[in-house]
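Below is one structure, written out as structure tokens; comments come after it.
The values are calculated or read from the model by the stated rules, or taken from the named source; none is laboratory data. These numbers were taken from a predicted model, which means no experiment stands behind them. Note that each Cβ is placed from the backbone with ideal geometry, even for glycine, and that neighbours are counted across all protein chains shown.
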Amino acid sequence: MNAPAMSASRSGASTDFAVIGGGLCGRLVAWRLAGKGRRVALYERGDAAGTQSAAWVAAAMLAPLAEAASAELLITRLGATSLDSWPHIIAELPEPVFFQRNGTLVVWHHSDRGEAPLFERRLRANAPAELLDGGLLTLSGVQINAAEPALGGRFTQGWLLPHEGQLDNRQVLAALAAGLAERGVQTHWNTPVDDCALPAAHVTIDCRGLGAKPALPTLRGIRGEVARVHAPGIGLVRPVRLLHPRYPLYVAPKQNDLYVIGATEVEGEDMSPVSVRSALELLSAAFSVHPGFGEARILELNSQCRPTLPDHRPALVWDGAQTLRVNGLYRHGYMIAPEVADEAVRFALALADGQIADADAFADWRDHARWNELFHLDHRNPRDSVAREPA
């Protein structure tokens, strides 16, 4: 269902929940709410495929331990719990989704061997003990060859993080779109929403990513660039991370000899095409992992900006009235979205049912929430202030 920009009044709402933003998190939230038997409408400025969302470009690696090299404990714990949730989500969706849990292989070239102890120290400092227990296995060259025959003889040391996984991001978006239809969600694709004229609903959940900057002024974009290539004959069976002092690379094998290659992270909201420098670095680094990538066919070179808050944490921000904002998932979208979305759904249901009506009730909710660090309260006009308040 397509429509022009929304201008409906919030009074007389017949919809329980309006979800604004139909990327990964918005789809998960709307789908979960509809599964609770609630009346839900979803509004997305882009198409049903999700091509305008950061989720469309992502590699969708579910690697909480590997991400501990740069992410804090909250993120790794959200990621570990969400990783366990993904198979259950996929089992409920009406379309198939590629999901793999073969672990992550971390390797490095001899010239970059100094990166390895730094990476290990960061992992051990930032990761919860339960992830490290049996989750970080040191491999010799012979063991790398056995674990990943495609890399035979190319690396003399590495780590296997055996519990990690990945999925196909675009299949997830398509399956969630089908799931929304199956559960009776009113979907309004190609429908931008004006902050001054929100759709009529008892509760609004804003999942617009960078589109929510008018309400979250400290939100910023961090650009990421990826290549998608078709490379028959290589046969990697799990994501590979290549340590490098400037551009730590990942190569994520999907179905049908498709590989997603990424590394770059650039401050700024530049949505222009991938630069020549980035393309050369991505493809050269992939070639250094396996020379077979030299014969791969480039299907896409894509860029997107991930919505990021100053502390690099996701946030659930309540405005003190009818709106909950879900944002700041940064580069960890697929890794943490199930838990962030479920926490948003729990809060939204409590809000709709009258359990949260003032700051005291909010504080009590936050104190008892599973992920209380995510919750923030903002009574102020979002156009005049930063919608963040320490827990």
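Could you list all residues from the stretch 39-55 that are among the hydroxyl-bearing types (Ser, Thr, Tyr), out of contact with any His (no Cβ under 8 Å at 6 or more places or on another chain) and crowded, with 24+ Cβ neighbours inside 10 Å?
Let us first name the residues in the stretch 39-55 that are among the hydroxyl-bearing types (Ser, Thr, Tyr), namely 43, 51, 53.
Now drop any that are not out of contact with any His (no Cβ under 8 Å at 6 or more places or on another chain), which leaves 51, 53.
Across the stretch 39-55, the qualifying residue is only Ser53.
Only one residue in Glu265, Glu343 is within 17 Å of the chain's Cα centre (by Cα), on the phi < 0 side of the Ramachandran plot, touching a residue at least 12 places away in the same chain (Cβ under 8 Å) and surrounded by fewer than 20 Cβ atoms within 10 Å (Cβ to Cβ). Which one? Break it down into steps so the answer makes sense when it comes.
Numbers: Glu343 fails: surrounded by fewer than 20 Cβ atoms within 10 Å (Cβ to Cβ).
Checking each option against the conditions leaves just Glu265.
If you go through the stretch 343-363 one residue at a time, do you hit one that is assigned to a strand (DSSP E or B) and either more than 23 Å from Ile89 (Cα to Cα) or touching a Ser or Thr at 6+ places or on another chain (Cβ under 7 Å) (or both)?
From the stretch 343-363, those assigned to a strand (DSSP E or B) are none; that's our starting set.
For the stretch 343-363, residues assigned to a strand (DSSP E or B) and either more than 23 Å from Ile89 (Cα to Cα) or touching a Ser or Thr at 6+ places or on another chain (Cβ under 7 Å) (or both): absent.
Could you tell me how many of the residues in the stretch 34-50 are touching a helix residue (DSSP H, G or I) at 6+ places or on another chain (Cβ under 6 Å) and outside any strand (DSSP E or B)? Please lay out each step first, then the result.
Of all residues in the stretch 34-50, those touching a helix residue (DSSP H, G or I) at 6+ places or on another chain (Cβ under 6 Å) come to 40, 42, 48, 50.
Applying the additional criterion that residues be outside any strand (DSSP E or B) yields 48, 50.
Count: 2.
Could you list all residues from the stretch 56-105 that are part of a strand (DSSP E or B) and surrounded by fewer than 21 Cβ atoms within 10 Å (Cβ to Cβ)? Walk me through it before giving the result.
Of the stretch 56-105, the ones part of a strand (DSSP E or B) are 61-62, 99-100, 104-105.
Selection gives Phe99, Gln100.
Of all residues in the stretch 46-74, count the ones that are more than 23 Å from Arg246 (Cα to Cα) and not small (Gly, Ala, Ser).
6
Which residues, taken from the stretch 194-208, are assigned to a strand (DSSP E or B) and modelled with pLDDT of 95 or more?
We begin by selecting, within the stretch 194-208, every residue assigned to a strand (DSSP E or B); these are 194, 197, 203-206.
Val203, Thr204, Ile205, Asp206 - these are the residues of the stretch 194-208 that are assigned to a strand (DSSP E or B) and modelled with pLDDT of 95 or more.
Pick from Glu130, Glu225, Glu148, Glu182: which is within 25 Å of Pro94 (Cα to Cα) and of a type outside the set (A, V, I, L, M, F, W, C)?
Result of the check over Glu130, Glu225, Glu148, Glu182: Glu182.
Looking at this structure, is Arg306 assigned to a strand (DSSP E or B), in contact (Cβ under 8 Å) with a residue 60 or more places away in the chain, of a type outside the set (Asp, Glu) and buried (at least 23 other Cβ atoms within 10 Å of the Cβ)? Full working, then the answer.
Values: assigned to a strand (DSSP E or B): yes; in contact (Cβ under 8 Å) with a residue 60 or more places away in the chain: yes; of a type outside the set (Asp, Glu): yes; buried (at least 23 other Cβ atoms within 10 Å of the Cβ): no.
Answer is no for this residue.
Could you tell me which numbered condition Asp133 fails, if it satisfies all but one of (1) within 20 Å of Ala69 (Cα to Cα); (2) buried (at least 16 other Cβ atoms within 10 Å of the Cβ)?
For Asp133, the failing item is (2).
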